[in-house]
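Okay, so here's the structure we're looking at.
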Amino acid sequence: MVTHLSKPLGARHAEFDIPTTEAWLAELDTITAAPNRLVENAGPYAQVQLHAGELETSLAWLIVAL
């Protein structure tokens, strides 16, 4: 999920137009509607790093917030 959603953000200063942003948010909503089956003995940020590797901090915290 993280790899898939972060692809459009690959450029250092990626910018989106409104239709692209709406499509990305719709996809994010669909993906995050699935049940969350994360391990219980690790915090959300640690799990993002475990499953997605080192991400840019803002993107990692965005994912944690979901």
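Values quoted throughout were computed directly from the atomic coordinates according to the rules given, and no laboratory measurement underlies them. Source: prediction; values computed, not measured. Positions of Cβ are generated from backbone atoms using ideal geometry, with glycine treated the same way; all protein chains shown enter the neighbour counts.
Points to keep in mind about this one:
- Largest-first principal axis extents of the Cα set of the chain (Å): 39, 25, 16
- Footprinting exposure proxy for S58, S6 (fewest neighbouring C-beta atoms within 10 Å first): S58, S6
- Projected label distance in nm at I31 and Q49, using a 7 Å step from Cα toward the beta-carbon: 2.1 nm
- Longest site-free stretch - the chain; sites: GluC sites (Glu not before Pro), DSSP loop, at most 10 other Cβ within 10 Å: 16-39
- Gain upon complete extension [A42, T21; 0.36 nm per residue less C-alpha separation]: 4.4 nm
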